[in-house]
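Below you'll find the structure, written out as C-alpha cells, and then a few comments.
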Amino acid sequence: MENFRTQVFKRAYEIKRETGKVWAVCLSKAWQLYSLAKKMKNNIITFYYEKKDGTLRKAKGTLKDEVITYTSKGGVSSPKVFTYYDIEVGDFRAFKVANFIK
C-alpha cells in the first residue's frame, strides 16, 4: 500500500502532464482531490468536474462502505482517474483528475 503523499504527488504529476500548468497549481488540485476522497469516506459530497464533451457535471458521490454494495476485485486504481460511487445513478463513475473543478 502506498503512502498518501505518494498518491497525491502521482496525481499532481498526471495533472501537470495533461494540462501543462505550473507545478504548484497541479499540486494544489491533487491535495483538493485527496481532501475530497477523505470527506467522501464518511459523507455524501457534491462536487464538480468537466466531462469529456466539455460540459460541467455536478456529481453527488461517496466512498462510504455502508452505501456501496460492491466487492472489490482487487484492481489497482490509476492516479490518472478519480473513481467514486454516484448516489444519483447508483453506480461507480470516474473522471480524469485534470478535469476536477471543485
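The values are calculated or read from the model by the stated rules, or taken from the named source; none is laboratory data. Small disclaimer: the values here were computed from a predicted structure and weren't measured. Glycine gets a Cβ as well: all are built from the backbone with ideal geometry, and neighbour counts include every protein chain shown.
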If you scan the stretch 28-54, which residues turn out to be over 21 Å from residue 85 (Cβ atoms) and free of Cβ contacts under 8 Å to residues at least 12 places away in the same chain?
28, 53, 54
Residue in the stretch 1-42 that is nearest to the chain's Cα centre (by Cα), counting only those that are acidic (Asp, Glu) and under 16 Å from residue 94 (Cβ atoms)
14
Among all residue pairs at least 6 apart or on different chains, which show Cβ distances below 8 Å where the first residue, located in the stretch 1-27, is free of Cβ contacts under 8 Å to residues at least 60 places away in the same chain and of a type in the set (Lys, Arg) and the second is in a helix (DSSP H, G or I) and surrounded by 13 or more Cβ atoms within 10 Å (Cβ to Cβ)?
16/26; 21/15
Does residue 88 satisfy the condition of being free of Cβ contacts under 8 Å to residues at least 24 places away in the same chain and surrounded by fewer than 11 Cβ atoms within 10 Å (Cβ to Cβ)?
no
Criterion violated by residue 26 - all others in (1) buried (at least 17 other Cβ atoms within 10 Å of the Cβ); (2) at pLDDT 90 or above; (3) in a loop (DSSP other than H, G, I, E, B) satisfied
(3)
